[in-house]
Amino acid sequence: MKNNSINNFVPASNYFFIEDGLIKGGVSARWQLNNHLLNFGGHIGYGVAPAWRQQGIAKKMLELTLNIYQQRKISPVLITAEKWNIASRKTIESNGGVLKNIIKEPSTGKLFCRYWIDLNS
């Protein structure tokens, strides 16, 4: 994992899930990890608008984003979710995420589940 960030920023791309002319969700694909992302943010962050949740959009967005990581030969990929966020954890697991550990963010006390996805297997 590289840490070439400047001022704690890393190279990233943002993608949106647009259907029927509506933005239903979005993804932030971070191409490198800094120390904070290595523990609490991961390579990929995503969200779905409340009206469109529980329709498989997050699962599809993550699948499409992982395809880009595979094309860029970035593996393994780290994705985190807060421990309470069962829906996000299921999304990660359905895309091959393997729980490595659960860690506490010192400044907030939030618990983060850290999942790794090996795209080479």
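Residues checked against (1) closer than 21 Å to W116 by Cα; (2) touching a strand residue (DSSP E or B) at 6+ places or on another chain (Cβ under 6 Å); (3) modelled with pLDDT under 95; (4) of a type in the set (G, A, S):
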site	(1), (2), (3), (4)
N4	yes, no, yes, no
N7	no, no, yes, no
K24	no, yes, no, no
H36	yes, no, yes, no
I68	yes, no, no, no
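Of all the criteria given as (1) under 24 Å from K100 (Cα atoms); (2) crowded, with 19+ Cβ neighbours inside 10 Å, the one not satisfied by Q32 is (2). Within segment 76-107, the set of residues being in a loop (DSSP other than H, G, I, E, B) and under 18 Å from G41 (Cβ atoms) comprises P76, K83, W84, N85, N95, G97, E105, P106, S107. Assess whether N95 counts as being surrounded by 16 or more Cβ atoms within 10 Å (Cβ to Cβ), more than 18 Å from L38 (Cα to Cα) and not aliphatic (A, V, I, L, M). The answer is yes for N95. Among residues of segment 64-75 that are closer than 14 Å to N120 by Cβ, those with a beta-carbon under 9 Å from a residue that is at pLDDT below 95 at least six positions away or on a different chain give the pairs Q70/N120; K73/N120; S75/N120; S75/S121. Mind checking which residues of segment 42-57 are surrounded by 14 or more Cβ atoms within 10 Å (Cβ to Cβ), assigned to a helix (DSSP H, G or I) and out of contact with any Lys or Arg (no Cβ under 9 Å at 6 or more places or on another chain)? Of everything in segment 42-57, nothing turns out to be surrounded by 14 or more Cβ atoms within 10 Å (Cβ to Cβ), assigned to a helix (DSSP H, G or I) and out of contact with any Lys or Arg (no Cβ under 9 Å at 6 or more places or on another chain). If you go through segment 38-81 and keep only what is within 10 Å of the chain's Cα centre (by Cα) and farther than 19 Å from F17 by Cα, you end up with G41, G42, V77, L78, T80, A81.
The values are calculated or read from the model by the stated rules, or taken from the named source; none is laboratory data. Keep in mind that this is a model prediction, so the values were computed, not measured. Here the Cβ is made from the backbone with ideal geometry for all residues, glycine too, and neighbour counts use every protein chain on show.
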